[in-house]
Structures are given as C-alpha cells and as structure tokens.
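See structure below.
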Amino acid sequence: MADKLRLHLPLMLMGMLSLLAAFAGGLMRLGWGIPPAFVNLSVLHGPLMISGFLGTLISLERAVALKYRWTYLAPFLTGAGGIILITGLHFASGVILITLGSLSLVFIFVAIFRLQAALHTLIMGLGAFLWFAGNLLWLLGLPVYVVVLWWAGFLVLTIAGERLELSRMLQPSLGSRVSFLAAALIILSGIVLAGFSFDAGIRLTGAGMIAIALWLFRYDIARRTVRQPGLPRFIAVCLLSGYAWLSLSGLMALRYGGIAGGARYDAILHSVFLGFVFVMIFGHAPIIFPAVLGVSISFKPRFYLHLILLHLTLIVRVAGDLTGWFPGRQWGGLLNVVAILLFFANTLSATRLRSP
C-alpha cells in the first residue's frame, strides 16, 4: 500500500494540477473574471482537461494493471506536459511530452492486446491511437476544435471498450458484438471524414455516438446491477445516465453539424466530457482509486449528491447554451465545477488506508 502511494500518488497529483488549471480556464471562458496566472488558461481548458488530467488518469490505470515499469512513462509524460503548459515555460515542449505520453499508451495497449487479443482490447487500443493522433495534429498546429473530435473518440472508445469487456458476463451474441464494432467504426469514420468535410464528419460521429450509447443501454450489465443495493446500484445509475448524455451529444452533433465554437459547440462537447465521461469517473472511482492508490473506499449514500448536482447543473448549462440564456450557461458551468469538487471531497472522506 505504501509503495503504491509513493509511486502512484505523485502521478495522480500531476493530473490533478491539470484538472484544477482546466477548471480555472473553463471559468475564465465563461466570463467569471478569474485573472490569468502564468498563462491564459482559457485557451488550454480542453487540452488540460482531456490530455493533462483524463489522459494521465487513464494511462496510470493501465500502467497499474499491466505492472511493467516502462508503462509508467505514459502518465509521467502527460502529467509533466500538462504542468509545463500550465506554467507557460515552453508551449511546444508541453505538447511534445503529451504527444509522447499518448504514444506510450498506444504501446501499452499493444502489450495488452498481445496478452489478451479480444475485441474490447482492440477498441480501447484504437481509442488510444485516436488520442495520439489528435495530439500529433495539435502539435502540428491544427486548431483545437478539429483536434477535440479525436480526443472525444479516445474517451468514448476507451469507456465503451471497458463496458464491452464487462458485458461478457451476459454472454453477448456474435451479432451484438458485430453491431458494437459497427458503431465504433462509424465513430472512427466520422472522425476521419471530418478532416475532409468537417460538417459531414461531425454528423457521422454523432450518429456513431448514438449507436454506441444505444448498444450500451441494451447490453450493459448495469441494466441488472441497477436493481442491487449500495455501490452496484450507484455505479449502474452513473452508467445509464451517462449513456443518456452521450446520446444527447450525438443528437446535437447530428442536428447542428460542423460548428467550431459558440454555445451549441459548448453544449455538444460538455454533454460528452461532463455528462458522459465525468459521470463514468463518478461511478468507477470507488473501484479505480483503490486499485491505483492501495486504499479502500466505502460507498456512502451521499455519493448521489455530487451525481445529482452534476446532472442538474449540466441541464442548466446545456439549456442556457441552446436557448441563448447566458446566465444559465455561466452559472451551470460554475456549478459543474462545484459538483466535481464535491465528488472529490465525498470520495476522500470515504477513503481509508488499508491495513498493512
């Protein structure tokens, strides 16, 4: 336990610094008047949130699972890259480190696939490649509104692949696995198509996200575990509600197409990254954090508070985006941050060191 804390906690804290800086940047973008520190964090909000925090967290989780020393290079590089971006020491160096870290995650999934050649490991490996490709495009100077589609594909396929792995308990048929692969390929095709026809690519990616969400609604084991008490029900509620947000994001992408900024852009992205991705983190944290840090987390009914708060405030934010009600978007965004901070506070208060 002590060894895990000494090795894993610093890497997680590096990712947390990117998360806090991303919060500041997001609030700056919403007009909350936060003064810039080292750099203008508003332009780094998305990269820090996705690559600096989420990428580091996912890479660390995979490194812990694989247990090879070289795998820890991935979370170290992305975490260090995020810190360099925050401090403004050298922008290109930060992006290079993040790109190299994401390439390391691709190699991690190559190793995982060699150990377990399965559809779910292939899909998660494909997600890692999308993250690397997106970071490489960012390094080459493409705008974030183009790159973020690759980053979104990374997160959606990573989470969907994890859920596909757990769905094996229900013994899905060959047809269901083929339909899953088809949905993933639609997302991939949309991302690639966006490089040639941005509007058509966004719409096709949206269709793929809807298809993946519908598959998860139909085949995820959460449909059964939601009937169980305690932590299994909480995880299932997180999962099922997250799939609803993924569906909504896909529907908005189909409806609005290739928009590169503004309120509708905000609604599409945050439905994925907050409504889907962060709700997945809420659900999986009581399992992932103990595995990574060697601690124990006891489920508490108060966990529903941060989940409900995130959903309600995201509804306000998206409603503000779609109706032009700027105060709703602004306050919804602020309270999104409060919900995530409450999640960390609730999780930390339920955490105990394991006995040696």
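No lab work stands behind these numbers, since they all come straight from the coordinates. Model, not experiment: these values are computed from the prediction. Neighbour counts run over all protein chains shown; Cβ positions are idealised from the backbone, glycine included.
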TODO: In nm, give the distance between the simple-model label positions of Y145 and V110, each being 7 Å from the Cα along the Cα-to-Cβ direction.
DONE: 3.6
Open item on the list: At 0.36 nm per residue, and after removing the present C-alpha to C-alpha distance, how many nm does the segment from A92 to F299 gain when stretched out fully?
Closed with: 70.3 nm
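Which value in deg cm²/dmol, rounded to the nearest 500, describes the helix-derived mean residue ellipticity at 222 nm for the chain, given -39,500 (n - 2.57) per DSSP H run of n ≥ 4 and division by the residue count? Intermediate results must be reported in sequence, preceding the final value.
Values: 14 runs with 263 residues, N = 356.
About -25000 deg cm²/dmol.
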- [ ] Measure off 7 Å from each Cα along the Cα-to-Cβ vector at E165 and L341, then give the distance between these two points in nanometres to one decimal.
- [x] 3.3
Open item on the list: Tell me whether the chain comes out rounded, prolate or oblate; compute the Cα gyration tensor, take square roots of the eigenvalues as a ≥ b ≥ c, and use a/c under 1.5 as the rounded threshold.
Closed with: rounded
Task: Separation between Cα centres of the range 293-318 and the range 150-206, rounded to whole Å - done: 26
Task: Separation in nanometres of the label points that stand 7 Å from Cα toward Cβ, at W70 and F196 - done: 3.6
Open item on the list: Going by Cα centres, the range 257-272 and the range 68-133 are how many Å apart?
Closed with: 26
Task: Length added when fully stretched, R218-N40, from 0.36 nm per residue minus Cα-Cα - done: 59.8 nm
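Determine the dipole magnitude for the range 1-116: charges of +1 sit on the beta-carbon of Lys and Arg, -1 on that of Asp and Glu, nothing else is charged, the reference point is the Cα centre, and the result goes in debye to the nearest 20.
Working: 7 positive and 2 negative charges, 53 e Å.
Using only the charged Cβ atoms, the result is roughly 260 debye.
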Task: For the chain, built as a Gaussian network whose Cα springs stay under 10 Å, the top-fluctuating residue of L13, L157, L103 - done: L13
- [ ] Would you be so kind as to identify which of L239, V337, I297 lies farthest towards the positive end of the dipole of the chain, taking Lys and Arg as +1 and Asp and Glu as -1 on Cβ and the Cα centre as origin?
- [x] I297
